[in-house]
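Notes to accompany the following structure.
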Amino acid sequence: MVDEDKLLKAAQIIKDSNYIVVFSGAGISTESGIDDFRSPGGLWEQYDPNIYASYQYFLQDPSLFWKMHKEVEELVGEADPNQAHLAIAELERMGKVKAVITQNIDMLHQKAGSGQKGAKIYQLHGEYGKLHCIKCGNEYNFDEIDTNSVDYPVCECSGYIKPKVVLFGESLPHGVLESAMNECSNADCLIVIGSSLLISPANFIPSIAKQYGAKLVFINRENTIMDDLADVFLKGSAGETFTKLLKMVKSNI
Ligand code: NAD
């Protein structure tokens with residue numbers, strides 16, 4: 001159960017803010033059926049992300065990544081946005097959320113309607129739907145390549161084909177982190193939701209926003225390594241907490 005006083009405090013911060021930036025991690029999508037890396041059980045106990053989502057391992061043997069990909073593709077493809085994604089899109093329609101910075105590759109913010117009223121979306125770790133050859137850079141759509149009858153797809157140039165997601169040990173897409181950090185300089189509030197804040201350099205975002213004077217609201221099921229930065233830490237599930245928060249913001253608190 002989320003602490004009512006803290007909810008009120010967070011709702012007041014949101015009411016007083018006009019340039020909210022949301023920073024989301026895998027935890028926002030667990031209620032949509034996509035497991036995060038840290039919580040016990042689920043996909044990642046079967047597929048250790050340090051191996052299956054490692055760029056170094058991909059370069060040695062892409063079949064490991066593609067084995068895991070088949071399961072992730074199904075989960076991501078079937079997933080629908082949950083109450084938390086929908087509430088963020090609603091706050092954008094209310095003129096409050098101006099940008100969403102996400103570590104997720106599942107496109108659920110876009111499916112929920114984020115970006116439709118002009119909020120910018122920064123996908124720090126890329127997205128699942130697009131692929132490219134890591135040797136020649138040629139781009140592909142999923143319907144152009146065969147991932148079923150081979151261990152891993154290969155480009156005409158003999159390079160490995162890989163979804164445009166950032167694996168562990170791989171650098172971020174050019175310019176996206178810089179633009180996201182720049183966005184933090186405009187923010188009067190940063191909502192951090194569903195992230196352990198363990199992954200660098202994405203986890204620089206909260207301290208940068210704080211440095212520029214934004215109020216920080218954290219929503220997470222468990223403590224993070226950066227809770228000291230938060231003006232309010234709401235311990236609870238993303239969907240339930242955001243639903244309550246949105247209701248309070250819309251009412252005359
Ligand atoms: P993480 O797995 O390190 O941490 C997730 C955090 O969310 C945890 O602290 C957990 O307690 C919390 N959490 C889980 N379910 C929650 C819920 N329903 N409500 C509130 N909090 C909840 O995630 P991260 O910090 O985003 O870093 C992991 C990396 O994994 C990212 O780089 C991301 O790209 C990748 N990833 C993405 C997806 C996705 O696209 N949905 C899924 C798995 C991993």
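The values are calculated or read from the model by the stated rules, or taken from the named source; none is laboratory data. In this text, all values refer to a predicted model and were calculated from it rather than measured experimentally. Reconstructed Cβ throughout: ideal geometry from the backbone, glycine too, with neighbour counts over all protein chains shown.
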- Of the residues 158, 179, which single one is surrounded by fewer than 19 Cβ atoms within 10 Å (Cβ to Cβ), modelled with pLDDT of 95 or more and closer than 30 Å to residue 91 by Cα? 179
- Inspect all residues belonging to region 82-97 and state whether any of them is in a strand (DSSP E or B) and either closer than 20 Å to residue 241 by Cα or in contact with a Ser or Thr (Cβ under 7 Å, 6 or more places away or on another chain) (or both). yes
- Any chance residue 172 is within 22 Å of residue 124 (Cβ to Cβ), of a type outside the set (S, T, N, Q) and surrounded by fewer than 22 Cβ atoms within 10 Å (Cβ to Cβ): yes
- Some residue of region 167-179 being assigned to a helix (DSSP H, G or I), away from the ligand (no atom under 13 Å from the Cβ) and not assigned by TED's automatic domain parsing to the domain that holds residue 73: yes
- Hits in region 202-231 (condition: in contact with a Lys or Arg (Cβ under 8 Å, 6 or more places away or on another chain) and either surrounded by fewer than 22 Cβ atoms within 10 Å (Cβ to Cβ) or without any contact (Cβ under 8 Å) to a residue 60 or more places away in the chain (or both)): 216, 221, 222, 223, 229, 231
- region 92-107: number of residues that are in contact with a helix residue (DSSP H, G or I) (Cβ under 7 Å, 6 or more places away or on another chain) and among the aliphatic types (A, V, I, L, M): 4
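Report yes if residue 57 is closer than 23 Å to residue 202 by Cα, surrounded by 21 or more Cβ atoms within 10 Å (Cβ to Cβ), outside the structural domain of residue 199 (by TED's automatic domain parsing) and hydroxyl-bearing (Ser, Thr, Tyr), otherwise no.
no
Determine, yes or no, whether residue 162 is touching an Asp or Glu at 6+ places or on another chain (Cβ under 7 Å), more than 10 Å from the ligand (Cβ to nearest atom) and not hydroxyl-bearing (Ser, Thr, Tyr). Talk me through it step by step, then tell me what you get.
Numbers: touching an Asp or Glu at 6+ places or on another chain (Cβ under 7 Å): no; more than 10 Å from the ligand (Cβ to nearest atom): yes; not hydroxyl-bearing (Ser, Thr, Tyr): yes.
For residue 162, the condition - touching an Asp or Glu at 6+ places or on another chain (Cβ under 7 Å), more than 10 Å from the ligand (Cβ to nearest atom) and not hydroxyl-bearing (Ser, Thr, Tyr) - is not met.
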- Task: Collect the residues in region 218-241 that are in a strand (DSSP E or B) and within 13 Å of the ligand (Cβ to nearest atom), keeping them in residue-number order.
- Result: 218, 219, 220, 233, 234, 235
- Task: Consider residue 41 carefully, then state whether it is in contact with an Asp or Glu (Cβ under 9 Å, 6 or more places away or on another chain) and either closer than 18 Å to residue 163 by Cα or surrounded by fewer than 15 Cβ atoms within 10 Å (Cβ to Cβ) (or both).
- Result: yes
- So how many residues does region 13-70 have that are of a type in the set (A, V, I, L, M, F, W, C), more than 10 Å from the ligand (Cβ to nearest atom) and over 30 Å from residue 249 (Cα atoms)? 7
- Query: Out of the residues in region 44-74 that are modelled with pLDDT under 95 and acidic (Asp, Glu), which is farthest from residue 199 (Cα to Cα)?
  - Reply: 74
- Checking residue 154 against (1) under 30 Å from residue 1 (Cα atoms); (2) more than 10 Å from the ligand (Cβ to nearest atom); (3) among the β-branched types (Val, Ile, Thr), which single condition isn't satisfied? (1)
- Query: Given the residues 24, 29, which is the only one that is more than 12 Å from residue 217 (Cβ to Cβ) and touching a Pro at 6+ places or on another chain (Cβ under 9 Å)?
  - Reply: 29
- Message: Can you go through 179, 149, 158 and tell me which one is closer than 30 Å to residue 212 by Cβ, out of contact with any helix residue (DSSP H, G or I) (no Cβ under 6 Å at 6 or more places or on another chain) and hydroxyl-bearing (Ser, Thr, Tyr)?
- Response: 179
